[in-house]
Amino acid sequence: MEQMKKFGTFGGVFTPTLLTILGVIMYLRLGWVVGNAGLLGAWVIILLAYGITLCTALSMSSITTNIRIGAGGAYAIISQALGLEVGGSLGIPRYISQALAVTMYIFGFREGWLTIFPTHHPFLVDLIVFVVLYGIAYKSADLAIKTQFIIMGVIGLSLISIAFAAFYGSMEISTEEAVKWGTFKGVEGSTSEEFWLVFAVFFPAATGIMAGANMSGELKDPRKSIPSGTLWAIGVSLVIYMVLALWIGRTATEDEMISNYNIIIEKSFFPPLVIAGVLGATFSSALASIIGSSRILFAMGQHRVLPNSEWLEFQDSIGQPRNAMIVTGILIFLTMLLRDLNAVAPLVTMFFLITYAMLNVVVIIEQNLGLISFRPIFVVHKIIPWIGLAGSLLAMFIINPTVSLISWTLMFFVYNILSRRKLETQFEDVRSGLFTSFAEWAAKRTAENAHKEERSWKPNMLIPVTDSATVQGSFSIIRDIAFPKGSAVLMGVNDNGSEKEKQKLEYISRSFKKAEVFSSTIVMRTSNFADGVNFGNQAFSGAYFRPNIIFLNMLEQKSALTAYPEIIEEAKRLELGVILYMPHPRAMLGQQQTVNVWIKSREPNWDINDGEHNPNLALLIAYKLRLNWNAEIRLITVVKETNETKRAKDFLQQLINLARLPINETLVLNGDFEETYSEAPIADINIFGIFPGNELAKYEEMSLNISTTCFFVMNSGHENIFA
């Protein structure tokens with residue numbers, strides 16, 4: 001079986017990159033640029049454009065020497081750094097725009113061809129060129145590279161024709177007489193805009209540096225070839241543009257350059273060679289774009305970004321992405337039927353510039369995270385990607401602000417669609433480091449905060465488990481307490497570290513994540529349940545992000561239940577909240593419509609204060625249940641003296657007002673709590689405070705007497721219902 005051909009630096013990167021940069025703009029617009037801006041102005045424009053391109057190329061070189069990028073070039077780089085959602089949101093529009101670029105290059109070839117053979121039918125020329133291009137690209141990338149060698153020879157001969165013209169006296173205008181700063185006669189715009197309008201015309205010439213990177217999957221050594229080949233292509237093409245600008249600036253007059261797009265052809269020593277160069281430049285650019293765009297589509301298929309990705313990632317026996325080539329060919333043919341792409345042509349440049357911007361963003365993030373994994377062989381100064389990013393964004397809005405906004409909007413639209421698909425990456429991207437660094441920064445800032453985290457409080461529960469079945473039985477109530485911003489840490493406590501039990505906990509943890517509650521698991525190997533939980537809590541107390549509630553489930557094994565009083569005492573010392581969950585054996589969670597919250601009597605003093613006696617955790621949990629159940633909350637208190645009833649009522653109403661709680665019903669019962677709590681109105685769950693000194697049997701008795709599931713809660717001291 002024939003093996004896939006791998007390419008080196010010269011054939012795989014330098015040649016396609018150089019040929020894409022030395023395109024139609026060099027032959028047909030450089031004279032116009034010099035005529036408008038003058039020689040020095042043109043040099044400034046060239047250097048500005050190349051400055052942006054060079055900074056991006058340096059950034060790309062840095063990142064490609066740090067990772068194995070595989071197929072897809074810039075798409076693969078951005079995907080591996082910022083995730084498939086960001087990579088795909090750029091890759092999909094860029095793939096389409098690159099297909100549009102192929103069509104524009106075909107149209108450009110046709111215009112050059114018709115100057116030689118004006119009687120030929122335009123669409124027939126387009127069709128023949130497309131068939132030849134597609135045939136070469138479909139046959140193999142090897143044939144395409146060999147074809148580009150021939151085209152490079154043709155372009156080289158066209159440049160030699162220009163050099164001969166200079167040698168034989170075409171540069172009749174002296175250095176002193178040459179226009180150094182132009183008058184911008186050929187540009188319609190305000191004085192401040194003229195320079196940038198000319199810059200906008202020239203800049204697309206500098207957007208060809210991705211041609212070699214798109215071949216990343218078929219290079220022998222991408223880490224070496226992409227930086228080396230791209231930078232050499234930029235350097236060689238920069239010299240050519242600067243020298244050509246000097247030549248035409250001293251060969252033609254200002255009016256000739258502005259009024260005649262073919263001035264370089266006409267002033268050359270042998271014009272047919274330069275016309276051949278124009279045809280070769282458009283043909284090679286189209287060929288590089290066909291190959292590059294199909295590789296982007298193939299890479300997106302590999303990463304399952306698109307529908308029918310398995311079909312798109314198909315490769316034949318020599319490694320050619322045949323199905324991706326078929327789709328690309330169909331897309332190009334359909335765009336050819338439009339006949340006029342002027343309206344969408346700016347999108348092509350815009351997505352190149354967005355790609356440049358994102359490549360620079362990747363390097364900025366990597367450099368500033370300080371991760372040990374960022375060890376590029378090619379190191380660039382920190383200011384380089386910032387210049388590249390600023391230059392790319394500036395160029396976008398100079399060229400066309402409206403299309404720039406449309407391009408970014410389209411990218412964010414695709415990102416939103418891909419985000420909802422929850423793509424699974426086949427590699428770890430830099431986002432994990434980014435999020436971790438941000439979390440560490442936030443945690444350190446929070447740790448320095450002198451105030452309690454009352455306004456940002458959310459239920460982060462530690463759930464000790466001896467049998468995973470108890471968590472499964474309590475899944476919905478745990479989820480309803482934690483959703484949407486809380487979390488659930490499942491702590492397995494056993495003496496054998498059963499792998500099967502660990503797998504069950506991880507399964508439940510994944511279920512919590514699917515239910516949009518962050519969850520993780522930990523296993524403590526110990527025969528003493530209380531020690532396992534308490535030691536775990538003690539260890540967590542030094543962490544940046546730690547649980548703030550211990551969820552104790554009365555469905556647990558008896559050996560665990562006997563340890564609950566000790567765990568509650570240690571939780572109080574560690575300033576942790578406690579929820580003791582007592583499910584009623586028959587009522588369970590009922591209809592999830594009403595929650596009773598029992599408020600401890602304050603008689604004879606009914607003052608609201610922020611002390612530990614306020615039912616902060618009880619009210620916060622009730623409020624969470626109200627949101628997730630769409631339930632009603634009822635506040636209940638018990639007074640021994642009848643004359644305290646009104647004061648108690650006022651107290652409850654004041655509590656509701658200060659806490660900003662949507663509660664319409666309060667109830668004051670008269671008598672002894674032990675005798676009256678069972679007379680409470682029907683609810684689906686009752687929430688009480690934990691009673692110091694009471695045994696667990698008392699809580700079970702209360703749940704049976706009141707005929708509902710109950711929560712018995714203890715504040716940590718870090719909650720505040722009034723915050």
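Figures for the structure shown
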quantity	calculated
Residue count for the range 324-339, restricted to those that are closer than 16 Å to residue 293 by Cα and without any contact (Cβ under 8 Å) to a residue 24 or more places away in the chain	3
Restricting the range 652-691 to residues that are closer than 18 Å to residue 626 by Cα and charged (D, E, K, R), the residue that is surrounded by the fewest Cβ atoms within 10 Å (Cβ to Cβ)	660
Where a residue in the range 5-16 is closer than 12 Å to residue 236 by Cβ and outside the structural domain of residue 317 (by TED's automatic domain parsing) and its partner, wherever it lies, is aromatic (Phe, Trp, Tyr) and buried (at least 21 other Cβ atoms within 10 Å of the Cβ), with Cβ under 9 Å and at least six apart	none
Residue among 254, 313 that is acidic (Asp, Glu), in the same structural domain as residue 160 (by TED's automatic domain parsing) and within 30 Å of residue 183 (Cβ to Cβ)	254
Near pairs, Cβ below 7 angstrom, 6+ apart or cross-chain, from the range 131-147 (closer than 16 Å to residue 12 by Cβ) to any residue that is in a helix (DSSP H, G or I) and charged (D, E, K, R)	141/218
Residue check, residue 722 more than 19 Å from residue 486 (Cβ to Cβ) and of a type in the set (Phe, Trp, Tyr)	yes
First in the range 285-300 and closer than 15 Å to residue 103 by Cβ, second anywhere and polar (S, T, N, Q), Cβ under 6 Å, 6 or more apart	285/20; 288/20; 289/98; 292/214; 293/98; 293/328; 294/328
Residue match in the range 519-531 (condition: touching a Gly at 6+ places or on another chain (Cβ under 6 Å), surrounded by fewer than 17 Cβ atoms within 10 Å (Cβ to Cβ) and on the phi < 0 side of the Ramachandran plot)	yes
Residues (farther than 30 Å from residue 301 by Cα and either in contact (Cβ under 8 Å) with a residue 40 or more places away in the chain or aromatic (Phe, Trp, Tyr) (or both)) located in the range 88-125	108, 109, 112, 113, 115, 116, 117, 123
One residue from 254, 313 being free of Cβ contacts under 8 Å to residues at least 40 places away in the same chain and surrounded by fewer than 24 Cβ atoms within 10 Å (Cβ to Cβ)	313
Residue in the range 197-217 that is farther than 16 Å from residue 12 by Cβ, in a helix (DSSP H, G or I) and over 34 Å from the mean Cα position of the chain (by Cα) present	yes
Residue count for the range 261-300, restricted to those that are touching an Asp or Glu at 6+ places or on another chain (Cβ under 7 Å) and surrounded by fewer than 24 Cβ atoms within 10 Å (Cβ to Cβ)	1
Options 79, 59, 89; residue that is assigned to a helix (DSSP H, G or I), surrounded by 24 or more Cβ atoms within 10 Å (Cβ to Cβ) and more than 15 Å from the chain's Cα centre (by Cα)	59
Residues satisfying the stated conditions in the range 164-208, i.e. among the aliphatic types (A, V, I, L, M) and free of Cβ contacts under 8 Å to residues at least 40 places away in the same chain	197
Test for residue 537: is it touching a Phe, Trp or Tyr at 6+ places or on another chain (Cβ under 7 Å), crowded, with 19+ Cβ neighbours inside 10 Å and polar (S, T, N, Q)	no
Filter pass, residue 359 being surrounded by 12 or more Cβ atoms within 10 Å (Cβ to Cβ), at pLDDT 80 or above and under 14 Å from the mean Cα position of the chain (by Cα)	yes
Check on residue 101, among the small types (Gly, Ala, Ser), under 22 Å from residue 271 (Cβ atoms), assigned by TED's automatic domain parsing to the domain that holds residue 352 and at pLDDT 80 or above	no
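Each row is one residue, and each column tells you yes or no for (1) of a type in the set (Asp, Glu); (2) in contact with a helix residue (DSSP H, G or I) (Cβ under 6 Å, 6 or more places away or on another chain); (3) at pLDDT 85 or above; (4) part of a loop (DSSP other than H, G, I, E, B).
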{"position": "386", "(1), (2), (3), (4)": "no, no, yes, no"}
{"position": "403", "(1), (2), (3), (4)": "no, yes, no, no"}
{"position": "407", "(1), (2), (3), (4)": "no, yes, no, no"}
{"position": "426", "(1), (2), (3), (4)": "no, no, no, yes"}
{"position": "433", "(1), (2), (3), (4)": "no, yes, no, no"}
{"position": "439", "(1), (2), (3), (4)": "no, no, no, no"}
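The values are calculated or read from the model by the stated rules, or taken from the named source; none is laboratory data. Source: prediction; values computed, not measured. Don't worry about glycine lacking a Cβ; one is built from the backbone with ideal geometry, like all the others, and counts go over all protein chains shown.
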